[in-house]
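J.: Got a structure for you, questions after.
Values quoted throughout were computed directly from the atomic coordinates according to the rules given, and no laboratory measurement underlies them. Owing to the predicted nature of the structure, the values given are computational and were not obtained by experimental measurement. Note: ideal-geometry Cβ built from the backbone for every residue, glycine included; neighbour counts use all protein chains shown.
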Amino acid sequence: MANQKEDNLTYYISPSKNFNIEEVERQKADINLLSEFFGVEKFQIFYYSAVSAEEVFKLKGFDYHPMMYTSNSGGFAEDYNIIISGNNSEYYTHEVVHLYTSKLFPVINSYFDEGIATYFGGSGKFDYQWQKEKLKKFLTENPDFDVLKHLNVYERLYFEKETPVPYVVSAVLCEMIIAKFGKEKLFSVFKNGTSLEESFKIFNLNRNNINSELRQFLK
């Protein structure tokens, strides 16, 4: 893999792809935004840019893994500030957010961890605003959907094969909480690894209002 240094980013580029400087500039801009939002200095990030999930798993040392062929995108945030991307892209803000949260909030609940990453970086190849519009459509078509029955962010509940519903619901809840309570109160829940049940109580959410609050906020 060829390497390329850009500000705090060191890229390792698959020989199967071309280096995309426009995506690098987008990534650098998002990192500036994340550092400001989380209140920390930028840090070194080592970004392995691969063309496919198959190549990602081979980078991780697998000869075979069942996930190698189930998706044409995806990646990981790893220890030591490493991003491994299978998106054929030099831009992967969702996973970069996980580097920030792992440093600042090592016991963050996984539901909120994926939510805040989706809020900033979307999911897959689509940004948060695109995913949020898909969630609006999903909730319109599924009026009985209950947030509290789908709190496992690893549940493979996708809408139109592109929108991971629990990820995007969590992202909207993060946005709603920041709007109503401020980011510092959300950070306190992240920092303490507070359970979802207790977190919802802190933010005045319960089984009687969480679904209506979510739908109202999306309007």
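J.: From the phi angles alone, apply the Karplus equation (6.51, -1.76, 1.60; θ = phi - 60°) to region 83-92 and give each ³J(HN,Hα) in whole Hz, x where the residue is Gly or Pro.
T.: 10, 10, 10, x, 8, 6, 8, 8, 10, 7
J.: A further question follows. With axes computed from alpha carbons, what is the tilt in degrees of helix 110-121 against the longest principal axis of the chain, rounded to the nearest 10 within 0 to 90?
T.: The helix 110-121 is inclined about 70 degrees to the chain.
J.: If exposed GluC sites (Glu not before Pro) are those in a DSSP loop with at most 11 other Cβ within 10 Å, what is the longest stretch of the chain that has none?
T.: Between the exposed loop sites, the longest stretch runs 42-159.
J.: Positive end of the dipole of region 76-219, charges at C-beta (+1 Lys, Arg; -1 Asp, Glu), about the Cα centre: which of Y92, F105, N209 has its Cα farthest in that direction?
T.: N209
J.: Right, another one. Local charge sum around T163 (other residues, Cβ-Cβ under 11 Å, Lys/Arg +1, Asp/Glu -1)?
T.: Here the charged neighbours net out to +2.
J.: Working from Cα positions, state the angle (0 to 90°, nearest 10) between the long axis of helix 93-104 and the longest principal axis of the chain.
T.: 80
J.: Tally Lys/Arg at +1 and Asp/Glu at -1 over every other residue whose Cβ is under 15 Å from the Cβ of L59; what's the total?
T.: Result for the local shell: -3.
J.: Can you give the Kirkwood hydrodynamic radius of region 74-172 from its Cα pairs, in Å with one decimal?
T.: The answer is 13.9 Å.
J.: For G75, what residues show an amide H to amide H distance below 5 Å, using hydrogens built from the backbone and excluding near sequence neighbours?
T.: G86
J.: Another question, if that's okay. So for region 1-132, what percent of the C-alpha to C-alpha distances run longer than 18 Å?
T.: 52
J.: For region 31-42, in order, what is each residue's ³J(HN,Hα) by Karplus, 6.51 cos²θ - 1.76 cosθ + 1.60 with θ = phi - 60°, in whole Hz (x at glycine and Pro)?
T.: Once θ is set to phi - 60°, the couplings for region 31-42 become 5, 4, 5, 5, 5, 5, 4, 8, x, 9, 5, 4 Hz.
J.: If amide H atoms are built 1.01 Å from N in the plane of the peptide, which residues on other chains or at least 5 residues away come under 5 Å of the amide H of F159?
T.: Here V165 satisfy the definition.
J.: Count charges around A77 for me, please; just the other residues with Cβ under 15 Å from its Cβ, Lys/Arg as +1, Asp/Glu as -1.
T.: -4
J.: Setting aside same-chain residues fewer than 8 positions from K42, which lysines have a Cα under 17 Å from its Cα?
T.: List returned: K5, K28, K103.
J.: Another question, then. By how many degrees, between 0 and 90 and to the nearest 10, does the Cα long axis of helix 128-141 differ from the longest principal axis of the chain?
T.: Helix 128-141 and the main axis of the chain meet at about 40 degrees.
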